[in-house]
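S.K.: Mind having a look at this structure? Questions to follow.
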């Protein structure tokens, strides 16, 4: 995927590796209770996935990385705040690890988890 | 009562503050929440300064204030006396106004807190404990992998402290006092739980914010002021003293920093109060028994902080700095920084060689990604040029040497790297600038290079300098010390003064047939002289646009671009 020329060859980073970074960053974000597969038709029961490549899509177009994240958020939190914090956190962690700019992080809220209050 | 040994009636303890007599209903609670917000706002900058993650999420203190503010706005006009209903409103407001991570967590704490008080009229000991417990649980549910050493930990610790304290007292005010001190302890433990905090020498910002909210409530109960920021002692490593200000207020002439060992334990509130008599912007740090005091004072109080510290202990170090001079330096540094264009992989990055700061800044504004300092009589080495672009995250680099003597060094640098380097052979500064205008960073490198090359000769370059020796070149007789004009590198005239040389040059260049004349004035010429020459040029060439820019180049009074 991304490569820099080095004296002795090149370094490539796979979309899956980037997805793993994004996955862990997203799961650390407050308000996110899980990631869900992008392929699920909306309306079908949300299944929280454990594999980063299912909840995260990494696109690499020439020199631009864009990341799509499909999340389930805790009911009762302010969705826009949580989503923007996911956006910031993922961008920060991926850029820090890769040393490359991330063009876009799209957060798709696929569902809410309602927890028992008592 | 299920514990018979406790049946013996205990004497009612004396209330320690007048408020303690009142049960906490909706209206009292409203005042408490408001006090929490006020105190948080007073300490907003302290919380902001604890941010360690450079995530562009705004500052923690500001986010928490905005969240609490939304909560307060929800109840400010409410006559509600029922604690359950008023805390529902608080939770609703906090939810709607939640900003940033810490704000969202805070709103969850409120949500759980309110939920537990649903059917209650007053906040009493047991229901208080229960509400804190629920707040904690609700907050923890919002995250898959809770990170300890954050606001969550502080919420957990205060819930636990409340649980312990309820055994001793049913009084909600007493409980508040205990949880404030538990929050304080919990905040100071956060660096042990989270290494990034420890590395940065700070405590968790969100946790500290929660502490201020609770402490604000307690201060209100105790009748203490909420709008005066009490400096707290911070670890020495966390003290940020450099350029921590944007403008100087009256009475701030000098910055004094004193390190001292107190003879006896420091009476902190008294110490702080005394310092407030002396000056402003007080910061106090502590480490290994040494206290560092930072204060801004007026000239007449210059030595007061040192004298005062001497009365308390042994002064080990003192430093005084003139704030006005410091401010000038800050202004200077700020204006001296150049914003370069960031390069993305695959794009074309450009490096320009520039002889002065002003010219470098113009190149930066045209989109170059690095500057190599150099020009006539100060040619940069191949290595210097190489260093400028070796770390770019792209493979395509253009170099603008902007001087005929530097083209070779640039070409040598191109040979020494694995990147695809193209030297655009600009022989003068104006040529380099003309070429920059054609740069398309995302374009095809070969096409862009060809386009940039094609415009090099569209611009006429004039240079005005002082002759270093007597000579005759190209039919022009020059005496040492005369002002000489070069047009596109060729000597065209020699004159006794700058104005004549400049106007003569423009005439030779047929400036009346061009549109724009830009003067880059050098280090050795005064702005006043520049302005008067620019005025005479404007008189002579009324139909041309005349621009004057600070070039900052040595040796050349003017570099002139005619296009």
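The values are calculated or read from the model by the stated rules, or taken from the named source; none is laboratory data. Treat the numbers as computed from the prediction; the structure is a model and nothing was measured. All Cβ positions, even for glycine, are placed from backbone atoms using ideal geometry, and neighbour counts span all protein chains on display.
S.K.: Could you pull out the residue among A:107, A:90 that is assigned to a helix (DSSP H, G or I) and more than 21 Å from residue B:139 (Cα to Cα)?
M.R.: A:90
S.K.: Consider residue B:530 against the criteria (1) more than 18 Å from residue B:483 (Cα to Cα); (2) outside any loop (DSSP other than H, G, I, E, B): it satisfies all of them except one. Which criterion is unmet?
M.R.: (1)
S.K.: Then there is this: How many residues, within the stretch B:547-563, are crowded, with 17+ Cβ neighbours inside 10 Å and under 7 Å from residue B:518 (Cα atoms)?
M.R.: Counting residues in the stretch B:547-563 that are crowded, with 17+ Cβ neighbours inside 10 Å and under 7 Å from residue B:518 (Cα atoms) gives 4.
S.K.: If a residue has to be outside any loop (DSSP other than H, G, I, E, B), touching a strand residue (DSSP E or B) at 6+ places or on another chain (Cβ under 7 Å) and within 16 Å of residue B:428 (Cα to Cα) to count, how many in the stretch B:487-504 make the cut?
M.R.: Restricting attention to the stretch B:487-504, the residues satisfying the condition of being outside any loop (DSSP other than H, G, I, E, B) are B:487, B:490-495, B:498-504.
Still in the list and also touching a strand residue (DSSP E or B) at 6+ places or on another chain (Cβ under 7 Å): B:487, B:491-495, B:498, B:501-502, B:504.
Add one more test, that the residue is within 16 Å of residue B:428 (Cα to Cα), and what stays is B:487, B:491.
Total satisfying the criteria: 2.
S.K.: Just to check your reading of the model, which residue among A:73, A:69 is under 30 Å from residue B:106 (Cβ atoms), within 9 Å of chain B (Cβ to nearest Cβ) and at pLDDT 90 or above?
M.R.: On the way: A:69 fails: within 9 Å of chain B (Cβ to nearest Cβ).
Sole residue among the options that is under 30 Å from residue B:106 (Cβ atoms), within 9 Å of chain B (Cβ to nearest Cβ) and at pLDDT 90 or above: A:73.
S.K.: Here's something else I'd like to know. Of B:148, B:177, which residue is under 19 Å from residue B:219 (Cβ atoms) and either within 14 Å of another protein chain (Cβ to nearest Cβ) or outside any loop (DSSP other than H, G, I, E, B) (or both)? Full working, then the answer.
M.R.: Numbers: B:148 fails: under 19 Å from residue B:219 (Cβ atoms).
Unique residue meeting the criteria: B:177.
S.K.: Being at pLDDT 90 or above, part of a helix (DSSP H, G or I) and touching a helix residue (DSSP H, G or I) at 6+ places or on another chain (Cβ under 7 Å) is the filter here, so list the residues in the stretch B:1-37 that pass it.
M.R.: B:26, B:29, B:30, B:31, B:32, B:33, B:34, B:35, B:36, B:37
S.K.: Is the stretch B:117-134 home to any residue that is within 41 Å of the chain's Cα centre (by Cα), closer than 20 Å to residue B:154 by Cα and facing chain A (nearest Cβ under 10 Å)? Lay out the reasoning, then the answer.
M.R.: If we filter the stretch B:117-134 for residues that are within 41 Å of the chain's Cα centre (by Cα), which is where we start, we get B:128-129, B:131-134.
Cutting the leftovers down to closer than 20 Å to residue B:154 by Cα gives us B:128-129, B:131-134.
Now drop any that are not facing chain A (nearest Cβ under 10 Å), which leaves B:134.
Yes, the stretch B:117-134 contains at least one residue that is within 41 Å of the chain's Cα centre (by Cα), closer than 20 Å to residue B:154 by Cα and facing chain A (nearest Cβ under 10 Å).
S.K.: Go over the candidates B:94, B:70 one by one and state the one that is touching a helix residue (DSSP H, G or I) at 6+ places or on another chain (Cβ under 6 Å) and within 19 Å of residue B:215 (Cβ to Cβ).
M.R.: Just a single option satisfies the conditions, and that option is B:94.
S.K.: Filter the stretch A:93-104 for residues that are surrounded by 19 or more Cβ atoms within 10 Å (Cβ to Cβ) and assigned to a strand (DSSP E or B) and give the result.
M.R.: Within the stretch A:93-104, A:102 is the sole residue that qualifies.
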